[in-house]
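Comments concern the structure below.
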Amino acid sequence: MPRSPMNKEALLEQVMRHLRFAQGTPVLPTAASGWLRALAAVCRGELANRWSETQREDFACRARRVNYMSMEFLMGRALGNALDALGLVPAAREGVGGDKALAELFEHESDAALGNGGLGRLAACFLDSMATLGVPAFGYGMRYQFGMFRQAIRDGRQVEQPDAWLQSGDHWCIARPDVRYPVGFGGRVEGSPQARRWVPTEAVEADAFDFIVPGHGTHRVATLRLWQARAVESLDFAAFSRGEFHAAAGPRARAEAINWVLYPDDSTLAGRELRLKQEFLLVSASLQDIVARHLAEHGRLDNLADHAAIHLNDTHPALSLPEMMRILVDERGLPWARAWAQCERIFSYTNHTLMPEALETWPVAMLEHLLPRHLEIIYEINHRFLLQVRERFGNDLGLQARASLIQENGERRVRMAPLSIVGSHRVNGVSQLHSDLMVQTIFADYARIFPGRFTNVTNGVTPRRWLALANRSLSSVLDECIGRGWRLDLDLLSEFARFEADAAVRESVLAAKRENKERLATRLGRDLGLKIDPASLFDVQIKRMHEYKRQLLNVLRVIADYLDIVAEPQNRRVPRTVIFGGKAATAYTAAKSVIHLIHDVARIVNSDPRAMGQLKVVFVPNYGVSVAERVIPAADLSEQISTAGTEASGTGNMKFALNGALTIGTWDGANIEIARAVGEPNIFIFGLRAEEIDERRALGYLPRLHYDENPRLKAVLDAVAEGRFSPDEPHRYWGLVDSLLNVDHYFVLADFADYLQAQRRVDRAFADPQQWARMAIRNIAAMGEFSSDRTVREYARRIWGIEV
C-alpha cells in the first residue's frame, strides 16, 4: 500500500531542501517556473525511492517482466499525475496558494515530445495501468530532442517547427550513466556458416534515461527507459587540428541526428536510413538491457523466456527478432533451434492497421548496407519458415510467395509485419472488428498457417488521466454519487446509470460540462482571438490528420451547413462550434491540403454575419495530450467518422464518451463496442459498413454518381472547386475535388448524405438538454470496460503469462 502523503509543511521542507542543494538558494520560488522545477524535483525523489523499492521486490521474487517496446510514448505533462499518484495535491495546493495557482503552474510544463498519436498514447496508458496493477514492467522508447514537430499555422497552412521541449531542462528523466550499450551499423559479416560474427564500421552508444511512471493506489511504479544516441568519439581531433571543424564534429552530429525527430521525413534516402537507424538503436539497446538484467538475476539464458515477455507495439521494433537471434546465437552460442524456441515464447505483437500500404517494409539493399548480419538472419528465418509451410501445405507456390518475409515483386523488401507474426507466440488486434478483419484480409494466410496465434484485446484508456485529472468537474459529480473507487475500478461507473432519472444529477452533469466549455472558450479566445459561445454545441474532431479519418467529410458537412444558412438565414438552427485539431505528417500533402481547407472555410464562415450565433469553425493548433485534456472534457459531440474497416480501434472515442460526450460515428473500430455498451439509441451511427464498402469496391465504385444525384453535395463541391473559400487562389482545391469525384478511396461522397442525416438527429437531441443529459449519463456509466486496466489484465493473462 502507498505510504501516507506529505502535508504542506513536509512538502515545503522538501522544496527548501531541493532549493538549497540543487539551486543554491534558501528562498521559496515566486515564479511558476521555479515552483515547477522544485515540485518536480520533490516528486522525482519520491518516485526514485519507489522505483528502488519496486526493483528490489521484482529482483527478490525473480519476477517475470513485461518489456513493452514502442517508438512512441505520448506521456503528456507529468506533474499533475505525479502529485495525484503520490497524494501530494492537497499539500501542493496549499503550498502554491490555491487551486488557481496550481492550475496555472501546470500550464507552465511542456508536454514530453516522445510521441504523436494513438499509438504513443496507448503505450502511455498501458504504463499507467501496469504500474497501478503491479505488473513488473519496463517500457522502452527513444528520447527525442524535438519530438515529431511543433505545429504552427501561417496563412492557413501547417508549418513544422522543432518542438524544443527540453530547452528549459528535463524535470523528470533520471540519467543512468552506468546503463550504456554500443550499437553498430554497416560493416561486414565474418566467420563460417556455423559461427558468424558481425563487424560494424559505424558505432554509437545508447545512453539510458528513466522516466518513472507512478502507480495509483500503490507504491509500485513502471519504468519508461528512453535511449539517447551518443557518439563514441565526440570529436575527430585530427580533423579539428587541421581546421576542418565541420568534419571534426561529424561523428557527434551523425549520432545526435538519431535523437532529433520522431518519424523523420522518409521522402529522401537519408530520411529513410535515419528512421531505420532509430528503430535499430531502440531494438539493440533494449535487448542488450533485457539480457543484461536477466543474467544479473539468473546467471544463464536458457530460462530467458520464463522471465521476460517482450511486446512489439506495431512493427517499428520488429528488428528485435533478428537482433535477439544474433545475441543468442552469435554472441552467446545457443544453437539456432533453442534460440528460436526462446524467441517464439518471448515475443508478442500488436497490429494497429488494416491498410496494406501502411504495413512497414524495408528495402533489402538498405538492410544489407546498414544491418548485414540481420539480413542474413532474416533470410534464415524465412527459409526455415517456408520449409514448414511447404511441409504442411505442399508445393503451394502462391501461398509461399504471399507468406514469404521477402517481397519479391519490384524492389525486394523485407516485410516487417510478417516477420513479427512468424516470431511471436501471440498476435492481437485492438478491437473486435479489427481483429476479425485482420485474419480475414491482410493476414489471412498467416491465420491459416498459425491457427490460434491471433487474438483480440480491445484498447482502453486510463481513467486517472482522462477523467480524474482532466475533468475535475465531472469527477466531483461522480464522487458525490458513487464514491471515489472508480479511479481504480472503472466498472464501478455502472452504478452511475441509476442517477439518469435524478433531475439534480442531470443538472450537475450539464453544469460540469458547461464549466469545461466556458474554460475552453476562454482559452481559445485568448489563444486564437475567437469569441465562442459556450451554449453552442461543441462538435469536436481532434486526431491525427489522415484521409481515412475523414476530416474532409466533416469540413464538407460544415460547408453544407454554411450554404444552408446563407440560403435561408431566417431559419434558426442549433448553434454549433465545430472544433478541429491534428497534425499532418511532414510529407503528407493531401492531409495538409485538408488543414488548409479547414482554415479557408473558417475564415469565410467566421467573418459572415449571417452565420453569427449559428456556426463557428475552429482549428486548435499543435494538438497533443495537454490540448486534448482541455478539449475532450468540453466536447458535446465526438466525431469518430473513419471509413468503416480502416480504424483499428481508436481511443479518442473512449476518452470522449468517458467525459460525457455523445459519439457520431461509423460502424468501425471500437465504435462498435462502444455502441453495444451504451446502447445504439445513445450513439449516432451512420454510413456504409465494412462489408458494404468491400462490395462496392468489387463492383466498381463510381463516386461521381453521388455528385450527380445529390444537389447538396454538388453545391458543396462546386463551391470548393470554384474558389468560394479560396478567392485569392480559386483553383487551390481542384486536385482535391477531382480526387473525390474520380477516386474517393475513403468513400467520403458515399457517406455524405447519411452523415448529414445523422447530424440532424444530433440537433434534435441537443435541443432537449434533459434528454441529452440522460444520454450522456448512459455513455459515462457504460465506459467501465474501456479502462486500460482491463486491457492490461487481458494482455497479462492471455499473452504475457503474468498473474495480476
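General observations
- Where only DSSP H runs of four or more residues are counted, the chain gives -14500 deg cm²/dmol as its mean residue ellipticity at 222 nm, each run worth -39500 (n - 2.57).
- Under the Karplus curve 6.51 cos²θ - 1.76 cosθ + 1.60, θ = phi - 60°, whole-Hz ³J(HN,Hα) for the range 450-463, x wherever Gly or Pro sits: 10, x, x, 7, 8, 8, 10, 9, 5, 4, x, 10, 7, x
- Rounded to whole Å, the principal axis extents of the Cα atoms in the range 217-311 read 54, 33, 33, largest first.
- Between Arg798 and Ala253, the FRET efficiency estimated from the beta carbon spacing at R0 = 45 angstrom works out to 0.50.
- Pairs of Cα atoms farther than 20 Å apart, the range 1-137, %: 54 percent
- Computed from label points 7 Å out along Cα-Cβ, the spacing between Arg272 and Glu411 is 0.2 nm.
- Close amide H contacts of Arg65 (hydrogens built in the peptide plane, cut-off under 5 Å, sequence separation of 5 or more or a different chain): Ala308, Ala309.
- Cα-based radius of gyration of the range 704-771 once divided by 2.2 N^0.38 Å, which approximates compact folds: 1.38
- Over 18 Å [Cα-Cα, the range 73-178], rounded percent: 61 percent
- The slack between Ala535 and Arg338, meaning 0.36 nm per residue of separation minus the straight C-alpha distance, is 64.4 nm.
- Shape analysis of the range 570-634 places it in the oblate category; the axes a ≥ b ≥ c from the Cα gyration tensor give an a/c of at least 1.5, with a/b not above b/c.
- Couplings 3J(HN,Hα) for the range 789-802, derived from phi with the Karplus relation 6.51 cos²θ - 1.76 cosθ + 1.60 (θ = phi - 60°), are 4, 4, 4, 5, 4, 5, 4, 4, 6, 9, 10, 8, x, 10 Hz, where x marks Gly and Pro.
- Length gained on full extension, Arg519 to Arg176, computed as 0.36 nm times the residue gap minus the Cα-Cα distance: 119.4 nm.
- For the range 320-446: span of alpha carbons on each principal axis (Å, largest first): 43, 33, 32
- Proportion of all alpha-carbon pairs of the chain beyond 43 Å (%): 30 percent
- Taking all pairs of distinct alpha-carbon atoms in the range 420-488, Kirkwood radius in angstrom: 14.7 Å
- Spin-label model, Asp728/Asn49: points 7 Å from Cα along the beta carbon direction are separated by 5.8 nm.
- Rounded, prolate or oblate (a/c below 1.5 giving rounded, otherwise prolate when a/b exceeds b/c) for the range 517-668 by Cα gyration tensor: rounded
- Rounded to the nearest 0.05, the FRET efficiency derived from the C-beta distance between Asn571 and Leu705 at R0 = 25 Å is 0.25.
- Computed extension length for Arg62-Phe245: 60.8 nm, one decimal, from 0.36 nm per residue of separation with the Cα-Cα distance subtracted.
- In the chain, the portion of solvent-accessible area held by carbon and sulfur atoms comes to 51 percent [1.4 Å probe, whole percent, DNA, RNA and ligands not counted].
- The calculated FRET efficiency for the pair Arg484 and Asp99, based on their C-beta separation and a Förster distance of 25 Å, comes to about 0.90.
- Shape category assigned to the range 533-587 from the gyration tensor of Cα positions, a/c cut at 1.5: oblate
- Among the listed pairs Lys543/Lys616; Lys277/Lys655; Lys8/Lys517; Lys100/Lys655, those with a Cα-Cα distance over 29 Å are Lys277/Lys655; Lys8/Lys517.
- Accessible solvent surface per residue of the chain, calculated while the other protein chains remain in place, 1.4 angstrom probe, Å²: 38 Å²
- Square roots of 5 times each gyration tensor eigenvalue, C-alpha, the range 622-698, largest first, Å: 24, 15, 9
The values are calculated or read from the model by the stated rules, or taken from the named source; none is laboratory data. As the structure is a prediction and not an experimental result, all values here were calculated from the model. FYI the Cβ positions are ideal-geometry reconstructions off the backbone, even for glycines, and counts take in every protein chain you see. Surface accessibility is based on the protein's heavy atoms, side chains included, excluding ligands, DNA and RNA. Shrake-Rupley method; radii C 1.70, N 1.55, O 1.52, S 1.80 Å.
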